[in-house]
Amino acid sequence: MHPRSPSGLRRLEAALLIPVEWAGRLAAACGLLMVFVVAGNVLTRYGFNLSSVALQELEWHLVSPIALIGMSYAMQKGEHVRVDFLY
C-alpha cells in the first residue's frame, strides 16, 4: 500500500462526514426558518392582534434540530462555546 493512500478508517471518516455536513445545513435552515416564524408570529400578534398556536408549536419543534443537530455539528467542527470557570 502506498504510504499516502487513505486507510480504511480515513475513508470511513470521509464518508461519514458527508451526512454530518448535511445535518449542519439542516440545522442552519431550521434556524433561519425559526427566525421567520418568530418574526411572523410577533408581527401578527402585536400588529393584527392575531395569534397562532400552530406557529408557537412550530417554534418549539424547530428548537430540537437546532439544538441537537447544531450542537453536534459545532462539536465536530470545533466551534462550540467554551466557557472558562474562575475560582
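Listed values, structure above:
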item	result
Filtered residues of region 2-12 (kept if at pLDDT below 85 and surrounded by 10 or more Cβ atoms within 10 Å (Cβ to Cβ))	Pro6
Exclusive hit being within 9 Å of the chain's Cα centre (by Cα) and of a type in the set (Lys, Arg), set Arg11, Arg82, Arg25	Arg25
Residue satisfying all of: in region 40-87; part of a loop (DSSP other than H, G, I, E, B) and of a type in the set (Val, Ile, Thr); surrounded by the fewest Cβ atoms within 10 Å (Cβ to Cβ) among these	Val83
Any pair with Cβ under 6 angstrom, 6 or more apart, that starts in region 8-26 at a residue that is in a helix (DSSP H, G or I) and ends at one that is of a type in the set (A, V, I, L, M)	Ala23/Ile69
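The values are calculated or read from the model by the stated rules, or taken from the named source; none is laboratory data. The shown structure was predicted, so the numbers you read here are calculated from the model rather than taken from an experiment. So basically every Cβ, Gly included, is an ideal-geometry build from the backbone, and we count neighbours across all protein chains shown.
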